[in-house]
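Here the structure comes first, spelled out in structure tokens, and everything after it is commentary.
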Amino acid sequence: MTYFFETYGCEMNIAESAAVEQLFISRGWKKAEHPETADMVIINTCSVRGSAEKRIFGRLGYFTGLKKIRSKDPNTKARLDDMKLAIDFVEKNGVVPLTVVLMGCMAERLLKTVQKDWPVLDYVVGTFGKHRFGEIIEAVEEGRKPFKIEEEEAYTFAKTSYEEAAFSTFVPIMHGCNNFCTYCIVPYVRGREVSRPLDQILAEIDFLSGRKVKEITLLGQNVNAYRCMDEDGSELNFPKLLKKISEHIDKTNSSIKWIRFESSNPNDFSDELIEVAAHDNHVCHGFHIAAQHGSTEILKRMNRKNTRDEFIELTKKLRAAMPDVQLITDLMVGFPGETEEQFEEILTMMNEVKFESAFMYYFNPREGTPAAKFPDQIDLEVKKARLQKVIDLQLTHTTEVMQKRVGETIDVLVDIVSRHDESELLGKTEQNERVAFKADKKLIGSFVKVKLTGLSGNTFRGELV
Ligand code: SF4
């Protein structure tokens, strides 16, 4: 039998899709090339922006038509030219049932209503229902009718999120968020913070070493808020966890060389963490830390726990401890009530910090969050104009920061063949930048030394040393 995943949203969703995929693989299922020909389609959804949900509703409309074609229902309203693959499939194989599953944050948010609104869905699996996937697969194999998914109260970490043949992989270590930033839906759909016990994390790392994985990214909505119990009963915080993982990697002669982590909250980026990151041999010196805004007043209304000055101070400490550090951030313009002066504070912070890159967006009210009801919502045209200014400034900073590195010879983990030129490979640096260079495909998955020779957009050009 065959499955097909459509995954939207963040790294956590990618990791969770990969974890569920392992269940299919372990039961002998194969990945379908297209949803039109699969036995089961799983849509792993994102709720962070309204636009993400709108897109998924569009896909549910498509799958409604697809299911009718697959069951030879004459009442389909689907556009038949969109369904050529499915029509060919039905002609060749006759009626083969299609099971459609919705999972992820949007499934959790609309748990009580979405199946009624979209009868195409056979199962709706919220954030806390993933432990039932094995039973869903079994029911589909046996041709049984869909059953109702009961959610558990506690989040369950999968054994592994490994994707077949990957040499880079995500390792979820915590889940949920306690921060309740006023614009964010995550605490409502992912629940409160839970941390994964150390023995489970190390067991997954051993499994990944056995698969010759080279790089792991420790994942969590608020990864550096990790807090668990150590083997001796003492508290294990995130810096201590990093040290433990690193020591374990060395002790077991693991294939893993690089450790990254994401997403970091500035408020939990302690001096202890900076110290560990600076001196550990495996922790990469590229950090994604969300600033969100440069105005203390706006940060306060966002319910962020740090001020502008505290954020800037953190970046200074990071640079002092790790001169080769590169910083990526998230920046949001147009938060309700943002004045022109407060907006300007984003630009002045950017000038002071010089992020290497940034995820930039304008505030989009999210139903169910406090900020959606705040007065003084900013006009869309103003938000767009402010965003453009931020993007323009960031582009100049990206070029400036990356240009300074041209001439360096650095370690690169070779990733894929370039889409633009078959003779070129793309790799990533310790700071998570892209490098294009000419080399043999057989180097994919290994570490090489590359001399950075130039810059093309935000990709380095390089030469194999
Ligand atoms: S820290 Fe804030 S923005 Fe990040 S997941 Fe938690 S509530 Fe959302």
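With just the Cα atoms defining each centre, how far is the stretch 108-165 from the stretch 329-343? Give it in Å.
Result: 38 Å between the Cα centres.
Counting only DSSP beta bridges with both residues in the stretch 302-459, what percent are antiparallel, rounded to the nearest 5? Could you put the intermediate results ahead of the total?
Working: 16 of 23 bridges.
The answer is about 70 percent antiparallel.
At 1.4 Å probe size, with the rest of the protein present, what percent of the exposed accessible area of the stretch 168-401 is carbon and sulfur atoms?
Working: 5040 of 9620 Å².
Answer for the stretch 168-401: carbon and sulfur cover 52 percent of the accessible area.
If packing is taken as the mean number of other Cβ atoms within 10 Å per residue, what is the order of 269-282, 293-306, highest first? Could the numbers behind the result be given before it?
Values: 269-282: 16.1, 293-306: 20.1.
Top of the packing list down: 293-306, 269-282.
With a 4.7 Å Cβ cut-off, tell me which Cys residues in the chain come up empty for a partner.
Lacking a cysteine Cβ partner under 4.7 Å: Cys10, Cys46, Cys105, Cys177, Cys228, Cys284.
Which whole-angstrom value gives the distance between the alpha carbon centres of the stretch 185-207 and the stretch 77-104?
Value for the Cα centre distance between the two parts: 36 Å.
Of the peptides 375-385, 153-163, 224-234, how do they stack up when ordered by the mean number of other Cβ atoms within 10 Å, highest first?
Values: 375-385: 12.6, 153-163: 18.0, 224-234: 14.8.
Answer by packing, highest mean first, reads 153-163, 224-234, 375-385.
Note down the relative contact order for the chain as a percent, whole number, built from C-alpha pairs under 8 angstrom at least six residues apart.
Details: 864 pairs, mean separation 44.1, N = 465.
Averaging sequence separation for qualifying contacts and normalising by length gives 9 percent for the chain.
To one decimal place, what orientation-averaged projected area in nm² is obtained for the convex hull of the Cα set of the stretch 409-464? Before the final figure, lay out each step's value.
Values: hull surface 13.0 nm².
Across all orientations, the stretch 409-464 yields a mean hull projection of 3.3 nm².
Counting only heavy atoms of protein chains, what accessible area per residue, in Å², does the stretch 155-305 have with a probe of 1.4 Å?
Per-residue value: 39 Å².
Please count, across the stretch 168-310, the pairs of lysine residues with Cα atoms under 25 Å apart that sit 8 or more places apart or on different chains.
So the count of such lysine pairs works out to 16.
What's the carbon and sulfur percent of the stretch 2-141's accessible surface, probe 1.4 angstrom, rounded to a whole number? Display every interim value, and only then the final one.
Numbers: 3400 of 6290 Å².
Roughly 54 percent of what the probe reaches on the stretch 2-141 is carbon or sulfur.
Tally Lys and Arg at +1 and Asp and Glu at -1 over the other residues with C-beta under 10 Å from the C-beta of Tyr226: what net charge comes out?
Values: positive: Arg196, Arg227, Lys240; negative: Glu193, Asp268.
Around Tyr226, the surrounding residues sum to +1.
If I stretch the segment between Lys145 and Arg319 completely, what's the gain in nm (0.36 nm per residue apart, minus their alpha carbon distance), one decimal? Could you put the intermediate results ahead of the total?
Details: separation 174, 0.36 × 174 = 62.64 nm, distance 5.79 nm.
Additional length available on full extension: 56.9 nm.
Convert 20 °C to kelvin, take the viscosity as 1.002 mPa s, use the Kirkwood radius over C-alpha pairs of the chain as Rh, and evaluate the Stokes-Einstein diffusion coefficient in µm²/s, rounded to a whole number. Numbers along the way, then the final one.
Numbers: Rh = 24.1 Å.
So the translational diffusion coefficient is about 89 µm²/s.
Does the stretch 93-235 come out rounded, prolate or oblate, given a ≥ b ≥ c as the square roots of the eigenvalues of its C-alpha gyration tensor, rounded meaning a/c under 1.5 and, failing that, prolate meaning a/b above b/c?
Details: a/c = 2.24, a/b = 1.39, b/c = 1.62.
It is oblate, given that a/c is not under 1.5 and a/b is not larger than b/c.
What dipole magnitude, in Debye to the nearest 20, does the chain give about its Cα centre under +1 on Lys/Arg Cβ and -1 on Asp/Glu Cβ? Before the final figure, lay out the partial values.
Details: 63 positive and 72 negative charges, 227 e Å.
Its charge dipole is roughly 1080 debye.
Please compute P(r) over all alpha-carbon pairs of the stretch 2-141, binned at 5 Å starting from zero, and give each bin as a whole-number percent.
Calculated P(r), rounded to whole percents: 2, 10, 20, 23, 20, 15, 8, 1, 0.
For n ≥ 4 DSSP H runs only, could you compute -39500 (n - 2.57) per run for the chain, divide by its residues and tell me the 222 nm figure to the nearest 500? Don't skip to the answer; put the middle values down first.
Values: 14 runs with 164 residues, N = 465.
Helix contribution divided over all residues of the chain: -11000 deg cm²/dmol.
At 1.4 Å probe radius, can you tell me the per residue accessible area of the stretch 2-141 in Å²?
On the way: 6290 Å² over 140 residues.
Computed with neighbouring chains in place, this is 45 Å² per residue.
Just to be sure I understand the curve: with the Debye formula and one point per C-alpha of the stretch 168-401, what is log10 I(q)/I(0) at q = 0.13 Å⁻¹?
Taking Cα atoms of the stretch 168-401 as identical point scatterers yields -0.82.
Which percent of the accessible heavy-atom area of the stretch 409-464 goes to carbon and sulfur, probe 1.4 angstrom? Intermediate results must be reported in sequence, preceding the final value.
Details: 1280 of 2830 Å².
So the carbon and sulfur contribution to the accessible surface is 45 percent.
Just the number please: accessible area per residue for the stretch 363-465, 1.4 Å probe, all protein chains included, in Å². Let's see the in-between values first.
On the way: 5600 Å² over 103 residues.
For the stretch 363-465, the per-residue accessible area is 54 Å².
Out of the DSSP beta bridges found with both residues in the chain, what percent are antiparallel (nearest 5)?
Values: 26 of 68 bridges.
Percentage antiparallel, nearest 5: 40.
Output the pairs from Lys68/Lys130; Lys148/Lys373; Lys317/Lys404 with a Cα-Cα distance over 23 Å in this structure; if there are none, say none. Let's see the in-between values first.
Values: Lys68/Lys130 27 Å; Lys148/Lys373 34 Å; Lys317/Lys404 20 Å.
Violating the 23 Å Cα-Cα cut-off are Lys68/Lys130; Lys148/Lys373.
Show me the helices of the chain, taken as full DSSP H stretches, that run 27 Å or more along their long axis by Cα and average -1.0 or above in Kyte-Doolittle hydropathy. Let's see the in-between values first.
Values: long enough: 50-70 (30 Å, -0.43); 380-403 (34 Å, -0.27).
Span-like helices in the chain: 50-70, 380-403.
The values are calculated or read from the model by the stated rules, or taken from the named source; none is laboratory data. Given the structure is predicted, the values throughout are model-derived calculations rather than measurements. When we count neighbours, we look across all protein chains shown, and the Cβ atoms used for this are built from the backbone with ideal geometry, even at glycine. For the accessible areas, the whole protein counts, side chains as well, though only heavy atoms, and no ligand, DNA or RNA atoms are used. Shrake-Rupley method; radii C 1.70, N 1.55, O 1.52, S 1.80 Å.
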